[in-house]
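Data block below; observations after.
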Amino acid sequence: MEFSSKLLEKAVNEMAQLPGIGKRTALRLVLHLLKQPKEQTGFLSQALVNMREDIKFCEQCHNISDVAVCEICSNPNRNHQIICVVEDIRDVMAIENTGQYRGIYHVLGGKISPIDGVGPSQLKITSLVDKIKAGLVQELIFALSSTMEGDTTNFYIYKQIKDSGIITSTIARGISVGDELEYADEVTLGRSILQRVPFENSFKNN
């Protein structure tokens with residue numbers, strides 16, 4: 001792709017680094033920005049800078065937040081004895097959109113995947129186990145995607161806490177095996193939360 005401007009080329013190359021954005025799409029987006037008033041582009045760039053510099057991770061659940069403790073964890077109307085374990089913020093948003101869950105979350109920041117070089121020590125598992133050992137949790141809901149990596153992560157955590165005496169459950173398999181949680185429709189995901197099953201059943205029947 002030939003560019004008549006080095007500045008344009010650099011902007012396109014940077015835009016093309018975003019997931020799902022090829023060079024042609026990046027060019028279209030950059031040319032669109034060029035047509036907008038300068039202040040509009042300024043608003044966008046400032047919002048990105050502010051997000052990168054000021055965004056925080058909740059001290060309790062590791063969700064993305066504007067403050068030290070996120071709105072979900074600081075909400076006294078949530079059930080703080082029920083924790084839903086998810087991979088990342090997209091899963092929190094997906095479950096929240098169902099309106100069916102009133103507990104809190106624990107965001108792992110990924111799934112165990114040896115092929116990708118991701119081990120348990122690179123995830124937020126230790127802090128979750130510490131909460132359980134401290135007697136702060138009554139039920140743990142495993143809500144990772146129904147993939148090999150998700151199931152491996154669920155089972156690893158389960159082995160760490162199986163003697164704690166807490167209830168362990170997993171979302172019902174209304175979510176197809178192999179599906180990512182964020183792509184499930186809200187009705188199916190909501191029913192999966194409400195109809196969760198004991199975690200032991202999820203691997204004994206496999």
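Since every read-out is calculated from the coordinates, none of them should be taken as a lab result. Small disclaimer: the values here were computed from a predicted structure and weren't measured. Neighbour counts are summed over all protein chains in view; Cβ atoms, including those assigned to glycine, are modelled from backbone coordinates with ideal geometry.
The lysines whose alpha-carbon is closer than 22 Å to the alpha-carbon of LYS35, local same-chain residues fewer than 8 away aside, are LYS6, LYS10, LYS23. Between amide H atoms placed 1.01 Å from N, distances below 5 Å from CYS84 occur with ILE104, TYR105, HIS106, ILE141, all of them 5 or more places distant or on a separate chain. Going by a ≥ b ≥ c, the root eigenvalues of the Cα gyration tensor, does the range 6-54 fall in the rounded group (a/c under 1.5), the prolate group (a/b larger than b/c) or the oblate group? The shape class here is oblate. Descending by average beta-carbon neighbour count within 10 Å, the peptides 94-107, 42-55, 137-150 line up as 137-150, 94-107, 42-55, the highest first.
Starting from the Cα gyration tensor of the range 44-159, take the square roots of the eigenvalues, sort them a ≥ b ≥ c, and report rounded, prolate or oblate (rounded when a/c is under 1.5, otherwise prolate if a/b is larger than b/c, else oblate). Taking the square roots of the gyration eigenvalues as a ≥ b ≥ c, the range 44-159 is oblate. Amide H contacts of VAL118: SER113, each under 5 Å away and 5 or more positions distant or on a separate chain (H built 1.01 Å from N in the peptide plane; Pro and chain starts excluded). Straight-line cross-link partners of LYS131 among the lysines, defined as a Cα under 20 Å from its Cα and at least 8 positions apart when in the same chain: LYS111, LYS159, LYS162.
Distant-in-sequence amide contacts of PHE57, defined by a placed amide H-H separation under 5 Å and a gap of 5 or more residues or a different chain, comprise SER65.
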